[in-house]
Amino acid sequence: TEAWGPDDDEPRRHSGPVRIRVPAKINLHLGVGPLRSDGYHELNTVYHAISLFDELTARQGDTLALTMEGEGAGTLALDESNLIIRAARALAARCRVPAHARLHLRKSIPLAAGLAGGSADAAATLIACDLLWGTGMSRDELAEVGASLGSDVPFLLHGGTALGTGHGESVSPILARPTTWHWVVALADGGLSTPEVYAKLDALRESPFPPKALAGADELMGALRQRDPAVLGAALGNDLQPATLALRPDLAAVLDAGTEAGALAALVSGSGPTCVFLAADAGHAERMAATLNDAGVCRDALTARGPMPGARMV
Ligand code: C5P
C-alpha cells in the first residue's frame, strides 16, 4: 500500500484539495565520477531529507494553473518551464488523462540552493496529481516519471536517508536504526546553477590530474550505523565542494564560521551555495544557528532535523 494513496484496490479520485508536504535534501556523501556520454556524472550519494519543507496544494480545475507564495515568489517562472507544470504534464501524458488542476505552492526551500527544491516540488506534484486524478500509480511508477524531470525527484518521493546511484535517480533506502541528526542550514544570498558547478568540477579535474575514481559510500554508511554525531561528522564529504568554492569563494568564510561555532562538520549542500553544519544535539544546533546569525556571514541560519519522510499528504 502507498503511504499517500487509498488503501483499497481501485484508485479513487480525491475530490481535493490535496495538500502535500515535501522536504529539502542534503547529501551526507556526494561521490562524483566521470562525465558520462549523456551529460550526467555517475554518482554515489547518500541523500538525507531534512525538516525544511515546501507545501503544494492541488484542487480540481478546468485547466492547469499554478500560483505561489514564499521563497522565490516573483522570481520563479510559473509557466511551462516550471518543474511543477512539467511534472503535472508528464504524469497526465503517462496516464492519458487531461492535465487539469489548480496548484498552489507555499515555498520555504530556496531556489538554486543545492537543497533540491525544484525536484521536491516536482515530487509533491506527482503525488498530488496522482491523488487528484485517481491515476493510482505505484511509488516506483511515479519515481520513473520523476527521474526524467530531475535526478533528485525519486529520492524526494521516498525521503529518509537513502543511497543514490546512476545519476542520482536510482534510490535504495538505507536500513538503520532510527536516529535523529541535528543540522544548521546556512542559506546564502544568490543561487548556483547545478550544471555550472559540475562543469567547474570537470575543469578542475582536467589533466595533469588523473580522472577521479568514483568514491563509494561505505565509510559514510558505516558511520551512520554507529549513531554517534562525531563519527558521522568525520565521514561527511562532498566532491562538488571544491567546484562550488571556486565559483563562490565567499562561502569559505561561512564554513569557517560554522567550524568556529563548534560544528562537528561543515560542508556545502549538494552543488551549493547552501552550507550545512552537523550539531551534537538540538540545543547545540540552536546555539550554532544563533552564533552564525549574529556573525552575519549568511542570509539566514536555520536549524533542521533529519531524516524526514518524503513527499506525502498532510
Ligand atoms: O537532473 P538535474 O535536473 O538535477 O540535473 C541538472 C544538471 O546537473 C544536469 O543537466 C547535469 O548538467 C548536471 N548533473 C550531472 N550529473 C548528475 C546530476 C546532474 O552532471 N549526476
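Here are a few things to note about the model shown:
- The coefficient of translational diffusion for the chain, derived via Stokes-Einstein from the alpha carbon Kirkwood radius under 20 °C and 1.002 mPa s, stands at 108 µm²/s.
- Helix 83-95 and the long axis of the chain differ in direction by around 50°, with both axes built from C-alpha atoms.
- Approximate spin-label separation Thr180-Asp218, in nm, with each point projected 7 Å along Cα-to-Cβ: 3.4 nm
- The modelled label-to-label distance between Leu35 and Ser172, using points 7 Å beyond Cα along the C-beta direction, is 3.0 nm.
- At an R0 of 35 angstrom, the distance between the Cβ atoms of Arg96 and Ser193 translates into a FRET efficiency of 0.50.
- Convex hull of Cα atoms in region 18-174, direction-averaged projection (nm²): 8.8 nm²
- With at most 15 other Cβ atoms within 10 Å, longest stretch of the chain clear of loop GluC sites (Glu not before Pro) (DSSP): 81-205
- Förster radius 25 Å - calculated FRET efficiency between Arg287 and Leu111, Cβ distance, rounded to 0.05: 0.30
- For the chain, excluding the exposed loop sites themselves (trypsin sites (Lys or Arg not before Pro), DSSP loop, at most 16 other Cβ atoms within 10 Å), the longest remaining stretch covers 97-211.
- Potential lengthening between Gln60 and Arg227 on full extension [0.36 nm per residue; Cα-Cα distance subtracted]: 55.7 nm
- Using only alpha carbons, region 181-306 has a radius of gyration to Kirkwood radius ratio (Rg to Rh) of 0.99.
Read-outs: derived from the displayed coordinates by stated rules, not from any lab. Quick caveat, the model's predicted, so the values are computed rather than measured. When we count neighbours, we look across all protein chains shown, and the Cβ atoms used for this are built from the backbone with ideal geometry, even at glycine.
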